[in-house]
Amino acid sequence: MLVDSHCHLDFPDFDEERDAVVERARAAGVLRMVTISTRLASFDRIRALLETYDDVYGSVGTHPHNADEEPDVTAGDLIALAEHPKVVGIGEAGLDYFYDNASREGQARGLRRHIEAARKTGLPLIIHARDADRDMAAILEEETQKGAFPAVLHCFSSGRALAETGIRLGHYVSFSGILTFKKSEELRAIARDLPADRLLVETDAPYLAPTPFRGKRNEPAYVAHTAAVLAECRGVSPEEIGETTSENFFRLFSKVTRP
Ligand SMILES: [Zn+2]
Ligand SMILES: [Zn+2]
């Protein structure tokens with residue numbers, strides 16, 4: 001059994017064959033998928049998927065790329081949409097200094113509102129962090145002082161120090177197809193060393209297809225390839241990593257029903 005803890009099934013990349021994509025995931029043993037919100041303005045698309053596919057769950061949030069488009073989204077707005085029984089997380093929100101598609105102030109403000117919603121609902125925050133290790137660690141530390149909240153550092157590709165900060169604060173770390181890329185030795189070393197009970201896997205589909213599909217459109221079925229590499233770098237069987245990451249997923253995303 002596997003879980004894809006982060007994908008974007010609402011994206012137009014899947015319009016032609018969304019049913020087939022979900023079916024292939026099931027056939028590959030991917031029994032739960034979480035389709036992640038990137039804008040409240042398009043939340044209806046997420047909701048429609050949750051109401052179409054039994055095994056697809058969702059989140060609500062504004063991606064840091066879109067933070068300046070939705071500057072007025074409040075924690076209360078997020079909390080209200082999270083009342084849907086299949087909305088199981090808050091986000092994705094965070095800091096992306098690689099693209100800088102939104103102002104850094106806007107990204108930080110948005111992140112803090114999402115943290116507030118995660119703290120108040122108890123739903124995990126899905127954190128997007130790229131090239132922003134230091135500011136991200138500082139915000140997570142500071143916000144934890146105000147009250148703990150559950151969270152996952154999704155598509156982890158930051159430095160070891162941020163992973164360790166997240167673990168210390170009680171958070172989880174999720175690995176995507178990046179883990180399978182040839183040059184990701186340092187990332188595999190981090191994945192090897194983290195506590196087993198904090199690991200998750202994801203695709204971030206349609207992006208970041210794992211080897212051997214690198215460069216192609218990604219889909220939830222391919223999470224098996226990332227899980228296999230995670231198993232290899234930890235010296236355990238793919239079955240064991242599937243079991244471990246699924247257990248971790250159900251502990252963190254506690255609103256998701258088990259198969
Ligand atoms: Zn992301
Ligand atoms: Zn994403």
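All of the numbers you see were taken from the coordinates with simple rules; none came from a lab. Keep in mind the model is a prediction, meaning the values are calculated, not measured. FYI the Cβ positions are ideal-geometry reconstructions off the backbone, even for glycines, and counts take in every protein chain you see.
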message = How would segment 181-259 be classified by its alpha-carbon gyration tensor: rounded, prolate or oblate, with rounded meaning a/c under 1.5 and the a/b versus b/c comparison settling the rest?
response = oblate
ask   = Which residues' amide hydrogens lie under 5 Å from the amide hydrogen of residue 9, considering only partners 5 or more residues apart or on another chain, with H built in the peptide plane?
value = 36
remark   = Square roots of five times the C-alpha gyration tensor eigenvalues of segment 68-110, ordered largest first and given in whole Å, equal 23, 12, 7
message = From the phi angles alone, apply the Karplus equation (6.51, -1.76, 1.60; θ = phi - 60°) to segment 56-73 and give each ³J(HN,Hα) in whole Hz, x where the residue is Gly or Pro.
response = 9, 10, x, 10, 9, x, 10, 4, x, 4, 9, 4, 6, 7, 10, x, 9, 5
remark   = Ranked by GNM mean-square fluctuation in the chain (Cα springs under 10 Å), the top entry among 234, 113, 168 is 168
request  = Quick one: compute the contact order of the chain, relative version, from alpha carbon pairs under 8 angstrom and 6+ residues apart, as a percent.
outcome  = 20
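Segment 167-259: which GluC sites (Glu not before Pro) are DSSP loop and have at most 10 other beta-carbon atoms within 10 angstrom? Mind dumping the intermediate values first?
On the way: sites: 185, 186, 202, 232, 239, 240, 243, 247; in loops: 202.
Answer by residue number: there is no such site.
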key: Size-normalised alpha-carbon gyration radius of segment 2-252, reference 2.2 N^0.38 Å   = 0.92
note = Hydrodynamic radius by Kirkwood for segment 31-103, inverse mean 1/r across distinct Cα pairs, in Å, is 12.6
task = For the chain, compute the number of Lys pairs whose alpha carbons are separated by less than 23 Å, excluding pairs fewer than 8 positions apart on the same chain.
result = 6
key: Inter-part distance where segment 207-259 and segment 130-198 are each reduced to a Cα centre, Å   = 16
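Between residue 196 and residue 20, 0.36 nm times their residue separation minus their Cα-Cα distance comes to what? The partial results should precede the final answer.
Values: separation 176, 0.36 × 176 = 63.36 nm, distance 3.24 nm.
Computed gain between residue 196 and residue 20 is 60.1 nm.
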remark   = Note on the chain: helices (DSSP H) long enough, at least 27 Å by alpha carbon along their axis, and hydrophobic enough, mean Kyte-Doolittle at least 1.6, are none
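Over the Cα atoms of segment 104-259, what is the Rg over Rh ratio if Rh follows Kirkwood? List each step's numbers first, then the result.
Values: Rg = 15.3 Å, Rh = 16.0 Å.
Result for segment 104-259 is an Rg/Rh of 0.96.
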Pair residue 52, residue 182: separation of 7 Å Cα→Cβ label points (nm) = 3.8
remark   = Counting sequence-distant residues (5 or more places) and residues on other chains, those with an amide H built under 5 Å from that of residue 203 are 5, 6
